[in-house]
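Written out below as structure tokens is the structure these notes cover.
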Amino acid sequence: MTGRLKDKVILITGGAGGIGSATARLAAREGARVVITDLSAARGEQAAAEIGHGTLFLEQDVRDEARWQDVVDAVLRHHGRLDGLVNNAGIGVRGSIVETSLEDWRFVHAVNTEGVFLGCKHGILAMRETGGGSIVNLSSVAGLIGAPDLTAYCSSKGAVRLLTKSVAVWCAEQKNGIRVNSVHPSFLMTPMVQMMIDTAPDPAMAHKMLSRAAPMGRLGEPEDAAAMIVFLLSDEAGFMTGGEYVVDGGLTAR
């Protein structure tokens with residue numbers, strides 16, 4: 001443990017698996033007091049126990065503003081402050097523009113975009129009372145480049161990218177000490193990507209194609225994104241705000 005996040009209180013949504021739990025594990029090893037939230041109480045409690053280091057789990061649907069207030073209040077009661085927020089919870093629905101239903105479109109945006117908006121809003125209200133902090137919003141390379149069969153997902157992640165910049169500029173102008181950045185992973189071996197592979201007509205071919213998408217020739221791991229997120233949460237990134245940071249094995253460099 002190097003202590004880069006020593007005694008910082010970090011809240012991570014969607015923390016029961018994938019990038020969320022990888023970030024929680026690394027943050028805890030770096031000395032943070034970690035709180036994870038997830039829609040599934042069973043998975044969340046199990047993840048908190050596995051992460052250890054006193055990790056606290058709170059059940060949460062990120063679409064629910066009242067629950068956001070409850071979660072932030074619980075963090076403040078338990079730890080007395082909030083230093084970092086990782087808006088990681090997200091979903092994906094496959095479909096082109098003509099295949100995507102309005103219901104699916106609204107569902108994806110409610111979780112991926114509105115959930116991040118609510119997190120930023122309530123996170124800022126808590127952080128500014130204790131001198132600032134760092135917010136990291138999970139976007140995607142699909143928020144930078146288009147994918148023909150991920151219409152709603154691309155739109156929602158593109159919205160996260162610009163929402164992040166807007167909030168970052170506002171916080172900087174308010175001089176409230178809060179930094180806001182977005183992270184843009186490509187295909188990492190998360191449950192969401194595994195589901196994409198498993199539901200493909202030819203899963204083995206799908207895995208091979210996703211692995212070849214990046215010039216580095218492999219799928220990434222959740223820990224690859226977690227390393228970037230923890231850096232952005234740390235004081236080492238003290239002059240970084242409004243940025244977009246890709247973790248994609250070179251995919252967007254072509």
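The values are calculated or read from the model by the stated rules, or taken from the named source; none is laboratory data. Fair warning: this is a prediction, and the values are worked out from it, not measured in the lab. No Cβ is skipped: glycine too gets one built from the backbone with ideal geometry, and neighbour counts run over all protein chains shown. Surface areas here come from the heavy atoms of the whole protein model, side chains and all, with no ligands, DNA or RNA. Shrake-Rupley method; radii C 1.70, N 1.55, O 1.52, S 1.80 Å.
So if I check each of Gln69, Gln60, Gln46, which one is within 15 Å of the chain's Cα centre (by Cα) and among the polar types (S, T, N, Q)?
Gln60
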Name the residues in the stretch 87-104 that are in contact (Cβ under 8 Å) with a residue 40 or more places away in the chain and open to solvent by less than 90 Å² (accessible area, probe 1.4 Å), would you? Asn87, Asn88, Ala89, Gly90, Ile91, Gly92, Val93, Gly95, Ser96, Thr100, Asp104
Kindly state which helices (runs of 4 or more DSSP H) lie completely within the stretch 150-228 and contain at least 3 residues that are surrounded by fewer than 16 Cβ atoms within 10 Å (Cβ to Cβ), more than 21 Å from the chain's Cα centre (by Cα) and free of Cβ contacts under 8 Å to residues at least 24 places away in the same chain. 203-212
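When you look at Gly84, is it exposed (fewer than 15 other Cβ atoms within 10 Å of the Cβ) and under 23 Å from Arg128 (Cα atoms), yes or no? If you could, list the steps in order and put the result at the bottom.
Details: exposed (fewer than 15 other Cβ atoms within 10 Å of the Cβ): no; under 23 Å from Arg128 (Cα atoms): yes.
Taking the combined requirement at face value, the residue does not satisfy it.
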Give the stretch 12-25 a look and list any residue that's more than 13 Å from Ala48 (Cβ to Cβ) and either open to solvent by 30 Å² or more (accessible area, probe 1.4 Å) or not in a helix (DSSP H, G or I) (or both), or say none. Thr13, Gly14
Only one of these conditions is not met by Gly44: (1) assigned to a loop (DSSP other than H, G, I, E, B); (2) open to solvent by less than 20 Å² (accessible area, probe 1.4 Å). Which number is it? (1)
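For the stretch 114-149, give me the residue count where each residue is more than 17 Å from the chain's Cα centre (by Cα) and open to solvent by 20 Å² or more (accessible area, probe 1.4 Å). Outline the logic, then answer.
As a first pass, look at the stretch 114-149 and keep what is more than 17 Å from the chain's Cα centre (by Cα): 125-132, 145-149.
Subset that is open to solvent by 20 Å² or more (accessible area, probe 1.4 Å): 125, 128-131, 145-149.
Looking only at that region, the number is 10.
For the stretch 229-240, enumerate the residues that are open to solvent by 60 Å² or more (accessible area, probe 1.4 Å) and either in contact (Cβ under 8 Å) with a residue 24 or more places away in the chain or among the small types (Gly, Ala, Ser) (or both). Please lay out each step first, then the result.
Residues of the stretch 229-240 that are open to solvent by 60 Å² or more (accessible area, probe 1.4 Å), as a first pass: 235-236, 239.
Those that are open to solvent by 60 Å² or more (accessible area, probe 1.4 Å) and either in contact (Cβ under 8 Å) with a residue 24 or more places away in the chain or among the small types (Gly, Ala, Ser) (or both): Asp235, Glu236.
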Failed criterion for Ser139 (all others in (1) more than 21 Å from Ile36 (Cα to Cα); (2) in contact with a Ser or Thr (Cβ under 7 Å, 6 or more places away or on another chain) hold): (1)
Can you tell me which residue within the stretch 124-144, out of those that are out of contact with any Lys or Arg (no Cβ under 8 Å at 6 or more places or on another chain) and closer than 20 Å to Ile19 by Cα, is modelled with the lowest pLDDT? Val141
Among the residues of the stretch 28-41, which ones are under 17 Å from the mean Cα position of the chain (by Cα) and assigned to a helix (DSSP H, G or I)? Ala28
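Taking the condition within 30 Å of Met127 (Cβ to Cβ) and among the charged types (D, E, K, R), does Lys208 pass? Lay out the reasoning, then the answer.
On the way: within 30 Å of Met127 (Cβ to Cβ): no; among the charged types (D, E, K, R): yes.
No; evaluated as a whole, the condition is false for this residue.
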Any chance you could count how many residues in the stretch 201-236 are touching a helix residue (DSSP H, G or I) at 6+ places or on another chain (Cβ under 6 Å) and among the small types (Gly, Ala, Ser)? 5
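Every residue in the stretch 241-254 that is surrounded by 15 or more Cβ atoms within 10 Å (Cβ to Cβ) and in a loop (DSSP other than H, G, I, E, B), please. I'd like the intermediate steps shown before the answer.
The first filter runs over the stretch 241-254 and keeps only residues surrounded by 15 or more Cβ atoms within 10 Å (Cβ to Cβ), leaving 241-249, 251.
The answer is Thr241, Gly242, Gly243, Asp248, Gly249.
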Pairs needed: first member in the stretch 58-83, within 13 Å of Leu125 (Cα to Cα); second member anywhere, of a type in the set (S, T, N, Q) and in a helix (DSSP H, G or I); C-beta distance under 6 Å; at least 6 residues apart or different chains. Arg81/Thr130
